[in-house]
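The values are calculated or read from the model by the stated rules, or taken from the named source; none is laboratory data. The structure displayed is predicted, hence computed values, not measured ones. Cβ: placed from backbone, ideal geometry, glycine included. Neighbour counts: every protein chain shown.
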Amino acid sequence: MDDKTARKRQRQSEVRTIAHAAFIATQGFATRSVHGGNEVDDETYAIRRPITMANSYELPYDPTGINWSAAGGMVYTRNSGANQIWLEQKLALLESAEASVVLASGVAAIAGVLFTFVASGEHIVASDNSYIAAYRLIEELFPQKYGIERTLVDSRDVQAVRQAIRPNTRLIHIETPANPTLKVSDIAAIAKIAHDAKALLSVDSTFASPYNQRPLELGADLCIQSLTKYINGHGDALGGAVSGSCEHIGRIKTEAMVNLGGSISPFNAWLIQRGSVTLPLRMRQHNASALAVAQWLEGRSSVNFVAYPGLASLANHNVALRQMPGGFGGMLAFGLAADTDTCNYFVSQLRVITSAVSLGHDESLIAYLGPGDERQYLYPSEFNDGFFRLSIGLEDTEDLIADLDQAMARAGL
């Protein structure tokens with residue numbers, strides 16, 4: 001094929017891809033999950049995007065005008081790569097966003113937002129319950145190293161969020177549902193507070209997934225996902241994402257992704273792209289089983305409390321009903337009326353549910369967090385004697401309940 005024919009074919013391919021993406025954007029969530037970011041491969045005609053395991057791409061005839069630190073354009077995979085771009089296209093469709101950036105992990109995504117939008121001497125308002133790495137970034141590392149001011153609040157309390165605003169507040173960052181307490185915060189109300197203060201609102205929506213909750217549709221400026229969890233769904237890849245406007249995502253790509261080097265690997269991007277196809281099917285099962293398990297646990301006399309957004313007993317359940325139309329997710333927390341040894345023994349007797357960290361896998365995972373967690377003073381009081389974080393997987397609901405039942409019986413609960 002001569003150069004002229006190759007260039008013509010490339011232009012035709014680009015036009016076809018743009019038209020395809022515009023059409024897919026008008027389709028339902030499940031259709032976007034299947035077709036978003038995917039097209040027929042121009043070289044092999046495969047109907048699935050290939051893994052492009054390259055760290056470099058051929059330069060143009062005259063490379064003198066290239067900005068080697070710019071994001072976008074396939075020159076070097078730290079700046080942008082094929083699998084990264086295709087995954088970003090899909091996520092933007094799923095999150096109702098103009099653009100997305102994918103990074104090496106969920107923590108890289110959180111750090112990228114903080115690094116990009118908050119400078120020394122400026123102020124953050126953040127949820128008092130959050131993922132431990134986010135807590136450490138906001139409460140310790142950014143204040144100590146960069147002089148960032150911060151206020152942690154119970155973001156369920158909209159008035160507390162409003163009162164925490166200062167003249168130098170640049171960002172409100174919330175998790176909803178929160179890790180590990182499942183606290184639910186009102187995204188739309190907090191977005192208004194942020195915008196009235198000329199600040200941005202970022203929402204870590206990992207526990208919900210875009211199937212259940214889309215913060216950008218509720219007024220948030222940035223939506224963060226740990227792709228490692230539900231969007232990947234198979235426990236075999238790390239990744240993180242931020243979605244929002246082209247302006248905001250462009251800044252994160254230029255200031256944080258390229259310069260901090262938190263780019264996702266092509267293989268991980270490909271794995272996550274593959275896993276995301278079944279997101280709607282998986283989330284329906286996660287949602288249904290988690291609600292059934294939460295209701296079963298609530299009826300056990302040996303259970304002190306159950307935290308799950310789908311239960312009427314959870315504070316702000318009415319907010320969850322409004323902003324999580326797809327369902328309430330697969331994550332719950334509960335406590336047992338037992339000492340630490342008994343709680344550990346209970347976990348050891350589980351046969352279907354695995355004792356491990358992470359969440360959103362096909363298999364159910366449980367982690368016992370005993371008394372003494374460094375954030376314990378920020379937890380609701382019922383969490384203080386230790387609790388379990390349970391990620392409900394895709395097993396038969398009846399098998400999960402039976403497994404919990406037999407383990408409790410063996411532990412004398």
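Inspect segment 93-105 for any residue being surrounded by fewer than 13 Cβ atoms within 10 Å (Cβ to Cβ) and part of a loop (DSSP other than H, G, I, E, B) and give the result as yes or no. Please lay out each step first, then the result.
Just the residues of segment 93-105 that are surrounded by fewer than 13 Cβ atoms within 10 Å (Cβ to Cβ), to begin with: none.
There is no residue in segment 93-105 that is surrounded by fewer than 13 Cβ atoms within 10 Å (Cβ to Cβ) and part of a loop (DSSP other than H, G, I, E, B).
When you scan segment 27-40, do you find a residue that is more than 23 Å from N232 (Cβ to Cβ), out of contact with any His (no Cβ under 7 Å at 6 or more places or on another chain) and not assigned by TED's automatic domain parsing to the domain that holds E247, even just one? Steps first, please.
Going through segment 27-40, the residues more than 23 Å from N232 (Cβ to Cβ) turn out to be 40.
In the following step, the residues that additionally are out of contact with any His (no Cβ under 7 Å at 6 or more places or on another chain) were identified as 40.
From what is left, the residues that are not assigned by TED's automatic domain parsing to the domain that holds E247 are 40.
There is at least one residue in segment 27-40 that is more than 23 Å from N232 (Cβ to Cβ), out of contact with any His (no Cβ under 7 Å at 6 or more places or on another chain) and not assigned by TED's automatic domain parsing to the domain that holds E247.
Determine, yes or no, whether V184 is buried (at least 24 other Cβ atoms within 10 Å of the Cβ) and β-branched (V, I, T). Let's see the steps before the verdict.
Details: buried (at least 24 other Cβ atoms within 10 Å of the Cβ): yes; β-branched (V, I, T): yes.
The answer is yes for V184.
If I go through segment 340-365 residue by residue, how many of them are touching a residue at least 12 places away in the same chain (Cβ under 8 Å) and either out of contact with any helix residue (DSSP H, G or I) (no Cβ under 9 Å at 6 or more places or on another chain) or crowded, with 21+ Cβ neighbours inside 10 Å (or both)?
Adding up the residues that qualify gives 14.
Of everything in segment 133-159 that's of a type in the set (K, R) and part of a helix (DSSP H, G or I), which residue is nearest to S243 (Cα to Cα)?
So the residue we want is R136.
Go over the candidates S120, S130 one by one and state the one that is surrounded by 24 or more Cβ atoms within 10 Å (Cβ to Cβ), in a loop (DSSP other than H, G, I, E, B) and either in contact (Cβ under 8 Å) with a residue 24 or more places away in the chain or not charged (D, E, K, R) (or both).
Selected residue: S130, the only one of S120, S130 that is surrounded by 24 or more Cβ atoms within 10 Å (Cβ to Cβ), in a loop (DSSP other than H, G, I, E, B) and either in contact (Cβ under 8 Å) with a residue 24 or more places away in the chain or not charged (D, E, K, R) (or both).
For segment 181-229, name all the residues that are in contact (Cβ under 8 Å) with a residue 60 or more places away in the chain and in a strand (DSSP E or B).
The answer is L200, S202, D204, L222, C223, I224, Q225, S226.
Could you tell me whether segment 42-65 includes any residue that is under 31 Å from the mean Cα position of the chain (by Cα), in a loop (DSSP other than H, G, I, E, B), among the acidic types (D, E) and modelled with pLDDT under 85? Quick ask: steps written out before the conclusion?
Just the residues of segment 42-65 that are under 31 Å from the mean Cα position of the chain (by Cα), to begin with: 46-57.
Of the ones still in play, those that are also in a loop (DSSP other than H, G, I, E, B) are 46-55, 57.
Filter once more, so that each one left must be among the acidic types (D, E): none.
No, that holds for no residue.
Can you tell which of L350, L378, L394, L369 is under 23 Å from G327 (Cβ atoms) and out of contact with any Cys (no Cβ under 7 Å at 6 or more places or on another chain)? Walk me through how you get there before you give the answer.
Values: L350 fails: under 23 Å from G327 (Cβ atoms); L378 fails: under 23 Å from G327 (Cβ atoms); L369 fails: under 23 Å from G327 (Cβ atoms).
Sole residue among the options that is under 23 Å from G327 (Cβ atoms) and out of contact with any Cys (no Cβ under 7 Å at 6 or more places or on another chain): L394.
If I ask for residues that are of a type in the set (S, T, Y) and over 21 Å from the mean Cα position of the chain (by Cα), which ones from segment 165-214 would you list? Show your work before the answer.
Of all residues in segment 165-214, those of a type in the set (S, T, Y) come to 169, 176, 181, 185, 202, 205-206, 209, 211.
The answer is T169, and nothing else.
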